[in-house]
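Below is one structure, written out as structure tokens, with a few remarks after it.
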Amino acid sequence: MATPAMSVVVAGSRPSGPPTGLLHVLGPALQTGRIELLLATARDAGSPITPNTRVVKCRVGSTIPQMRLLGMRAARGGLVALTEDFCVPAPGWVEALIEAHRREGAAVVGGPVARRTGSAADWALTLIEYGRFFRGGPEGTVGDLPSINVAYDAAQLRAVLPADADGLFEVALHARLRAAGARFWRVPDAVMFDHSTTDVRRAAAAQFHHGRLYGGGRVQGHGLLTRLTRTALSPGIPAVLLSRIAREVGAAGQTPQLLRALPALSILLGAWSIGEAVGSILGEGPSGARWTGL
């Protein structure tokens with residue numbers, strides 16, 4: 001069996017599975033064996049109906065980082081792309097990433113995130129998670145890339161992952177890659193569309209746990225003074241994050257959607273801030289186990 005140029009790992013256990021649009025875009029490259037598709041999921045996915053597609057079965061309750069890790073370990077391609085089961089790539093996404101990796105030799109390649117439809121709550125969740133990646137711009141080196149639209153040189157990815165890793169957490173992984181001198185290369189044509197749906201209550205709970213996970217990770221190994229300082233600063237987090245989101249989203253021409261989502265977005269930012277404060281003083285707690293993507 002020929003080695004694919006790229007493995008696409010789709011993590012998630014939503015009952016509906018990946019959107020049909022994802023399979024439509026990837027279909028031609030799957031037919032030719034240019035890529036392989038790995039569905040890393042804890043749901044009963046049945047037998048794949050598309051060629052060069054495998055189901056990577058995860059235990060019930062697996063988190064998104066754990067699914068990513070299992071999918072990555074099963075991947076055979078020299079380039080390993082990660083996304084989730086609410087995403088649909090734009091036409092040309094496959095070749096844009098493969099060609100950029102071939103041409104530039106960067107350890108990490110990826111593109112922007114966009115959204116076309118959805119409720120105010122849907123937009124709020126997209127903006128808080130990926131708003132900083134909305135902005136258009138030229139191809140080139142960037143500081144970071146979104147976790148739902150990123151592809152790694154397989155050898156360099158495996159070189160920095162600890163052998164005993166329990167999951168693939170993009171913040172820690174990207175920090176390790178940067179420390180190893182890796183380049184992050186933005187490919188403007190490799191757009192990923194967010195098709196997620198949510199409600200404010202569920203999204204706020206998720207943001208609390210993400211904030212706690214982030215806050216706990218930042219103070220790991222630090223003393224009480226650092227923990228108290230970060231906790232005291234947490235009330236200012238919503239304003240800081242909102243200003244960043246507004247700047248990037250405005251540059252992408254999506255200010256009307258930002259204004260429409262602002263009430264819901266304010267709630268999510270507040271939930272994140274509270275979570276980060278709790279994590280700063282008490283640590284990550286059980287929040288990591290709540291990141292299941294459901």
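The values are calculated or read from the model by the stated rules, or taken from the named source; none is laboratory data. From a predicted model like this one, the values you see are computed outputs, not experimental measurements. Ideal geometry is used to build each Cβ from the backbone, glycine not excepted, and the neighbour counts take in all protein chains shown. Just so you know, the surface numbers come from the protein's heavy atoms only, side chains and all, with ligands and any DNA or RNA stripped out. Shrake-Rupley method; radii C 1.70, N 1.55, O 1.52, S 1.80 Å.
Numbers at a glance
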item: Nearest-0.05 FRET efficiency for Thr255 and Ala179, computed from C-beta distance (R0 45 Å); result: 0.80
item: Dipole moment magnitude, nearest 20 debye, the chain about Cα centre, only Lys, Arg, Asp, Glu C-beta charged; result: 340 debye
item: Between the range 232-280 and the range 17-45, the alpha-carbon center distance in angstrom; result: 33 Å
item: GNM result for the chain, Cα springs below 10 Å: residue of Leu258, Leu282, Leu168 fluctuating most strongly; result: Leu282
item: Euclidean distance between Cα centres, the range 179-195 to the range 143-170, Å; result: 12 Å
item: Rg/Rh (Cα only; Kirkwood hydrodynamic radius) as it applies to the chain; result: 0.95
item: Rounded to 5, the percent of DSSP beta bridges in the chain classed as antiparallel; result: 35 percent
item: Charge dipole (the chain, unit charges on Cβ, about Cα centre) - positive-most of Ala239, Leu23, Gly143; result: Ala239
item: Share of Cα-Cα pairs in the range 94-210 lying beyond 19 Å, as whole percent; result: 52 percent
item: Estimated inter-spin distance, Ile49 and Leu282, nm [label 7 Å along Cα→Cβ]; result: 4.5 nm
item: Surface accessible to a 1.4 Å probe, per residue, for the residues of the range 170-226, Å²; result: 51 Å²
item: GNM top mover of Ile64, Ile274, Ile148 - the chain, alpha-carbon springs below 10 Å; result: Ile274
item: Carbon/sulfur fraction of accessible area - the chain, other protein chains in place, 1.4 Å, %; result: 59 percent
